[in-house]
1. With the requirement that a residue be assigned to a helix (DSSP H, G or I), surrounded by fewer than 17 Cβ atoms within 10 Å (Cβ to Cβ) and either within 14 Å of chain B (Cβ to nearest Cβ) or in contact with a helix residue (DSSP H, G or I) (Cβ under 6 Å, 6 or more places away or on another chain) (or both), what does the stretch A:94-134 give you?
2. So, B:I431, is that one in contact with a Phe, Trp or Tyr (Cβ under 9 Å, 6 or more places away or on another chain), closer than 21 Å to B:F322 by Cα, more than 14 Å from chain A (Cβ to nearest Cβ) and not small (G, A, S) or not?
3. Assess whether A:V151 counts as being without any contact (Cβ under 8 Å) to a residue 12 or more places away in the chain, within 30 Å of B:A52 (Cα to Cα) and within 14 Å of chain B (Cβ to nearest Cβ).
4. Kindly indicate whether B:A246 is within 19 Å of B:M171 (Cα to Cα), outside any loop (DSSP other than H, G, I, E, B) and at pLDDT below 80.
5. Take the residues in the stretch A:135-165 that are outside any helix (DSSP H, G or I) and among the hydrophobic types (A, V, I, L, M, F, W, C); name whichever of them is modelled with the highest pLDDT.
6. Could you check the stretch B:192-228 and list, in sequence order, the residues that are over 15 Å from B:L116 (Cα atoms), touching a residue at least 12 places away in the same chain (Cβ under 8 Å) and polar (S, T, N, Q)?
7. Among the residues of the stretch B:441-452, is there at least one that is touching a residue at least 12 places away in the same chain (Cβ under 8 Å) and outside any helix (DSSP H, G or I)?
8. Please find, within the stretch A:135-148, the residue that is nearest to A:G198 (Cα to Cα) out of those that are touching a residue at least 60 places away in the same chain (Cβ under 8 Å), more than 9 Å from chain B (Cβ to nearest Cβ) and hydrophobic (A, V, I, L, M, F, W, C).
Amino acid sequence: MGKHYMGMYIAKRILLMFLTLFIIMTMCFILVKLLPLPAVKEMGRDINLVLAKREKMGYNKPIMVQYFLFWKNILTEWDWGVGEQMYEGLVVWDVMIDKLPYTVLVNLYSILIAIPIGLAFGIFAALKKNKWQDHLISTLVMVFISVPSYVYAFIVQYFLCFKAGWFKLTMPSVSELGGTLLSGRVFVALIPAILSLGFGVVANLTRYTRAELSEVLTGDYMLLARTKGLTKAQAISRHAMRNAMVVILPMIISDFIGILGGSLIIENIFGIPGVGNLYINSINVRDYNFFMAMSVFYTFIGLASGIVMDVSYGLIDPRIRMGSKK
Amino acid sequence: MSEQKLGNIPEIPAEKFSFVNRDRTLRDEKLQTKPIGYFKDAWMRFTRNKSALVAFVLIIILVLFAIFVPIFSKYTVAFRDPYYHTVLPRNELFAGTGFWDGTSTGRINETRYLYLKSIGVETGRTVVTSKESYTNDDVKKTTMYIATVDTYLSVGYAFVNMRQSEFEAVMDYQNRTGIQVLYPLPRTIATTYINGNDGANFWYKLRDESAATKGDPDLDENGDFVPNYILSDNKEYAGYTSLRIAGDDGGEDGQSWYVYGRKNQSGVRVRVDYYEYFRYIYGQYPSFLFGTNVYGQDILTCLAAGARLSFLLAISVSLINFMIGACYGAIEGYYGGTVDIVMERISDILYDVPFMVVATLFQLHLAKTVGVLGSLLFAYVMTGWVGMAARVRTQFYRFKGHEYVLAARTLGASDRRLIFKHIFPNSLGTIVTGSVLAIPGVIFSESMLSYLHIINLETSSLTSIGTLLSGGQALLSTYPHVIFFPALFISILEISFNLFGNGLRDALNPSLRGAED
């Protein structure tokens, strides 16, 4: 029954998600279309292509017709238009897919590095609860959570990139670095950004782990585990951590999806050619095709992270039954 | 057994009994201590939380900073000085210590050293306060210096165009105070010079006379600078009748006087000692506690003005969201059912719109009609109240089934009375905490948006922390002080607000009463 219920729940959530996405897209589309359309730059190499594309999207027709064409293009050809003010003539979707790996990489690396550190600090603090080690870690966590991520970026950029000279101030392109996207050189070039993002993630993870674990540690079953002869380490790794993970793991998953949208400013500071930079550029040069597609992308990311978080709670812990009617 | 015992009691005559409390009314003993109410208890527990208290004090200091610094500052946001840009922070208390006194220590080459030295020769000031020479073996064994340079004095001289009246006022000032502001014109007054403030600093003979010269001097046999002023046989050339610098004695023939001004269409073109000229205009020597940025704006004033803007924005957003969210959440939570479902759908959708999208669209649509700040405020309010509404809704669900609410309803209390008199005060703690904790979020995202230039709050008299940060980021490697103070400010602000908010949350949560002891 549980499995069936879960399936229904997921289906319902996904359906709702698309409904929400549809409404937000509609509002967004209308608001964008009400804005004056910037002229196509003469310097663009594919000015005719852009004009033809505009024709196809019905630029001179009423907004309702444009709206219909917009959906038609997306649903039949997955066509989000072409770049008009930047990447002139290039297909918006292709450019986005081109940029996405950088953003994913930065976030993936920083999460992967942050998980062991954050867990270790959190466990340590929980075990030393209310001792000076715990107070120290909790204070630092408070500081690291509060300080805005761009401040870390400035610190990293000044001390590691400029003073120590270990990295370039901004990231060189992959072709300059040589090697592929997944190569070590690219990883090294991304380190400043990874570090800047990582501080906050580590602090967040430490806080959650400490809170969860210290609550779990007071449970009666921990006493039982010790009574039946398990060592402290055994009891913690086999019983406490498992239960604490119920809360921590969904948090990690949603954190990953969440910072996909949150690395905008870090990408900007370190010149990482990811989707965040693309989005900011599209706003600054008023390229509405890019803006529309990217807005949908970020909305989708936000919606998906919510679903993943809720569903993973249920998958990991059968006791939690979401949406169950009383 | 007990019956036997009872039987043993001797009979007591009735008159032996007397009333103890016949004439007195009995009351409970009056409480010796004062009752501790909700807020008093909250305050007591809040003050016991040391970190929250410190954070609270810090916030007050930051707010006072934002309010009073722009009022009492010697400079305004609109103040821009073309010559004192990116000068280092200077605190008069630290003068001469090498720390926070407007000096920078670094490696400079011979040309740069002589250039800086020359600036001090005419005025008798020491621009290079200490130096240590060493030989650079990498580059053809050139002499290099590790020198401490006063960034305020290293500005030197500037060519200024004055109206005739102004020129006379400066001369009058010179005569009155005995302070030399105007200095003789060098032969480099041609406007084509690129370095040394358009050539104003090259008062000496140059080895390279081209317009792109870096000021390499042609020294005499004693290693001194050779003056290279324009000379005239007219002592009062351009009507100059005021102080003359040392050595300006008419030369051997008594016909070679230095020239202090040259007439042009608008008035007089003169060469001023910018340090003194600044004092002549503003009444004091230049001194910037936090230094200046690339536009020559005082960072201290700009930061305080930006902070003021951020605080104002964040507090108004928080208040508006508080009101909208509280009403919306109260209606949702109190009525429940269909009303709740419909209203939840609406707020869900609003909640899922990324703030970046809202801010951008509002900016594009509304900035022309209601201004940048207005549209930003709208954008925050548009999505910001949802979180507050959700919080209030939960509280209402929690309290509306309680017995005391039922009792009030039975006594005939109206919906409005139930909501505002009975349920709302109970959820006040959560709501207030939510409002306070929303403030750092607003300040952070405002600084991020203006940093990314998605919103532009920069006008002649307005600035924001994000704008300062982005200006400083461009100079991060050369002038880190430009970014240091805004970044430090916003970090302290965020930390204190979070600590304060957490302390407030614990203090206003009655279930934690006595839990810490």
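1. At the first step, the residues of the stretch A:94-134 found to be assigned to a helix (DSSP H, G or I) are A:94-127, A:132-134.
Next cut, surrounded by fewer than 17 Cβ atoms within 10 Å (Cβ to Cβ) only: A:94, A:97-98, A:100, A:104, A:108, A:112, A:116-117, A:120, A:124, A:132-133.
Matches in the stretch A:94-134: A:L100, A:I117.
2. Details: in contact with a Phe, Trp or Tyr (Cβ under 9 Å, 6 or more places away or on another chain): yes; closer than 21 Å to B:F322 by Cα: yes; more than 14 Å from chain A (Cβ to nearest Cβ): yes; not small (G, A, S): yes.
Taking the combined requirement at face value, the residue satisfies it.
3. On the way: without any contact (Cβ under 8 Å) to a residue 12 or more places away in the chain: yes; within 30 Å of B:A52 (Cα to Cα): yes; within 14 Å of chain B (Cβ to nearest Cβ): yes.
For A:V151, the condition - without any contact (Cβ under 8 Å) to a residue 12 or more places away in the chain, within 30 Å of B:A52 (Cα to Cα) and within 14 Å of chain B (Cβ to nearest Cβ) - is met.
4. Values: within 19 Å of B:M171 (Cα to Cα): yes; outside any loop (DSSP other than H, G, I, E, B): no; at pLDDT below 80: yes.
Answer is no for this residue.
5. Taking the stretch A:135-165 first, the residues outside any helix (DSSP H, G or I) are A:147-148, A:164-165.
With among the hydrophobic types (A, V, I, L, M, F, W, C) added as a condition, the list becomes A:147, A:164.
Working: A:V147: 91, A:A164: 84.
The extreme case among them is A:V147.
6. B:T192, B:N228
7. yes
8. A:V141
The values are calculated or read from the model by the stated rules, or taken from the named source; none is laboratory data. Since the model is a prediction, treat every value here as computed from it, not as a measurement. All Cβ positions, glycine included, derive from the backbone under ideal geometry; neighbour counts span all protein chains shown.
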